[in-house]
Amino acid sequence: MDTRKVLSGLCYFSIFFAGILFPLVVMFASGDDVTKSHAKKAFLSHLIPLIPVPLLIFALFTDLNTINNDGIPVFTLVSAGIMVLLSLIVTIWNVIKGVKALMTE
């Protein structure tokens, strides 16, 4: 198997084992333009689940009064649900892109 295909696929699959670090290292260490392109795409896709983190932190602080009054922290639960759903979608997308990178090129 070609090294280009393996590195490109591993950049996407690194969501399971190295997160943001592996695509970043490949992006700077690789001399191949195709591998760098896949590393950039994988790196950006690994950052997508981090977008709602400020919303979740804001929701936690907003819902503190609700929790103290024995209420349901709806804003926090919705924010956490969005984060979980987004992470699941990005993980599935990375697996599909990793398999495509291994199969084609």
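The values are calculated or read from the model by the stated rules, or taken from the named source; none is laboratory data. Model, not experiment: these values are computed from the prediction. Cβ coordinates were reconstructed from backbone atoms using ideal geometry, including for glycine residues, and neighbour counts include every protein chain displayed. These accessible areas exclude ligands, DNA and RNA; they are computed on the full protein's heavy atoms, side chains included. Shrake-Rupley method; radii C 1.70, N 1.55, O 1.52, S 1.80 Å.
Residues in the range 17-33 that are modelled with pLDDT of 90 or more and touching a helix residue (DSSP H, G or I) at 6+ places or on another chain (Cβ under 8 Å): F22, P23, L24, V26, M27. Any residue at all in the range 72-80 that's in a helix (DSSP H, G or I) and surrounded by 19 or more Cβ atoms within 10 Å (Cβ to Cβ)? Yes.
Considering the range 2-36, the residues that are in contact (Cβ under 8 Å) with a residue 24 or more places away in the chain, farther than 27 Å from L88 by Cβ and not in a helix (DSSP H, G or I) include one that is least open to solvent (accessible area, probe 1.4 Å), namely D32. Within the range 92-105, the set of residues being at negative phi and either of a type in the set (D, E) or open to solvent by 40 Å² or more (accessible area, probe 1.4 Å) (or both) comprises I92, W93, V95, I96, K97, V99, K100, L102, M103, T104.
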